[in-house]
1. Consider the candidate values (1) 64, 64, 49; (2) 71, 51, 41; (3) 69, 58, 37; state which one is Cα extents along the principal axes in Å computed from the structure displayed.
2. What is the distance in Å between the Cα centroid of the range 251-272 and that of the range 408-437?
3. In vacuum, with every alpha carbon of the range 275-405 counted as one equal point scatterer, what does the Debye formula give for log10 I(q)/I(0) at q = 0.18 Å⁻¹? Two decimals, please.
4. Taking the Cα centre of the range 137-253 as the origin, how large is its charge dipole in debye, to the nearest 20, when only Lys and Arg (+1) and Asp and Glu (-1) carry charge on their Cβ atoms?
5. With the cut-off at 1.5 for a/c, could you classify the range 196-250 from its C-alpha gyration tensor as rounded, prolate or oblate?
6. Among S382, S417, which comes first, second and so on when ranked by fewest other beta-carbon atoms within 10 Å?
7. Evaluate the distance, in nm, between pseudo-label points positioned 7 Å from the Cα of R196 and of A423 along their respective Cα→Cβ axes.
8. Under a Cβ-Cβ cut-off of 13 Å, what is the net charge of the residues other than D427 that fall near it, where Lys and Arg count +1 and Asp and Glu count -1?
Amino acid sequence: MTDSLTEKVARFAIDTKPGDIDDELRKLAIRPIIDTIGVIAAGSSGPAGSTILHYGTDAAMPGSTAGLTWYGAPQDAPPETKALIASTLAHGLDYDDEMSGVGHPSAMTLTALLALPRSEPLAGTQLLEAYVIGFEVIAKVARSIGPKHYKLGWHTTLTGGGFGAAMAASRLLGLDMATARIALGIVATLAGGLQRNFGTMTKPLHSGLAARNGVMAAQLAAVGFTANDMILDGPKGFLDIYGAGASRPEAIDTLGSPWALQKPGVSLKKYPCCYATHRVIDSILAIQAEHDVSPDDLAKIEIVAPTDATIPLIHKDPRTGLQGKFSMQYVSSAAFLDRKVTLDSFSDENVSRPGVRAIMSKVDVREDPKNRPEDPTAANSSSGTGGFFDVTVHTRSGQSYHQQRHYPTGSPKHPLSWEDSQAKFRDCLRAGGRDEVAGMMVFDELAEIERVPDVHALLARLGTGR
């Protein structure tokens, strides 16, 4: 008898042997783990992060005297609350890793694992193996929902992410396969997340909810809570409803073959904003580095995008830093004017600058099927990758400067260097008010995470930040 889709996911999560995770895959997992720790440490510097920490200490756990975790949650908070806070911090700056068509897989997978209660130290090897499995489940479940789901306005980070968090947690808790199937049934009913919330604090909350849902589902299943154990399958199952008639269940058959961390690989963000803007940022920075066009000489910034590549960029006239992260008009103008895009680019004050507003009025954005020749109607594509962007800066003096980008910096085709990752981690430490010397020592030890005997003790050395 052929396994159901739900059984395939649960079997993969529970029965995958440590030996099935080879050395190459383990090494590939280390970079996004480190990257995620960094953006969590920086998360309190953003409005979503600072507000979720306020919720955690003043609303969810009033009167707690147990002290704080390294990421700022009360030590005695329930595991699902810790996961909610840590994962919202991880996605709060939109600086965490990305996989197109999947969302932001590490933010909820890693934080779910870090939030689970432990009676003994969490070894780096245990964390890494459960993380790899959870990441893979997110990638393949998200792909199985199909691209129509995102185009309808769902946010896959939450709708697909909870499954990976639940399976990573189930793995670390040592659940059996039947119980893991129940965890899938529970987490499926919690799925949600609408793109209409992009540019608000609720966008990173989607990541927090995915981690919380995964932890809660695994723990409920562990104590005997019941749910449908065929939730991914058949009429009115998860894929039938959320796939809107265009699900791709065959993606489940590719669990671990190939591993998503190996192919297509994960993107580590160079810039703290929506990934759909990154190829344009790269292009404008390259033009400015070579030609140094002054704002007074600018006539127009012309951006031609692949079909559906601008779906998440819903704010054409942003008024806040969070909205600016989802505005091609703002991001391209800031890159042109400042010759850089950093965490500071997305303050409310920087978005409202008269100089940048003047440039925004000169930004023209349109989509063209010719820029996605491999898939002109975007039936099999996501907004972050595929096709290419054409960016042309037109000057009043009659010159035009053009750049074309197929892959952004930080993508598997143009990965960040190890030095880039170190610099990003250091910037995140500064943003989060952490001690840089102590933090970079943690970075070095995370680079050999399988030798770490106690991950929680190591991360505690990052301090609690601001």
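Values in this text are rule-based calculations from the coordinates and carry no lab data. These figures come from a predicted structure and were not determined experimentally. For neighbour counting, all protein chains shown are included, and Cβ atoms are generated from backbone atoms with ideal geometry for every residue, glycine included.
1. Only one option fits the structure, namely (2).
2. Measuring centre to centre over Cα atoms gives 20 Å.
3. Taking Cα atoms of the range 275-405 as identical point scatterers yields -0.93.
4. Here the range 137-253 has a charge dipole of around 440 debye.
5. oblate
6. Final ranking by Cβ density, sparse to dense: S417, S382.
7. Inter-label distance under the simple model: 4.1 nm.
8. Residues near D427 contribute +2 overall.
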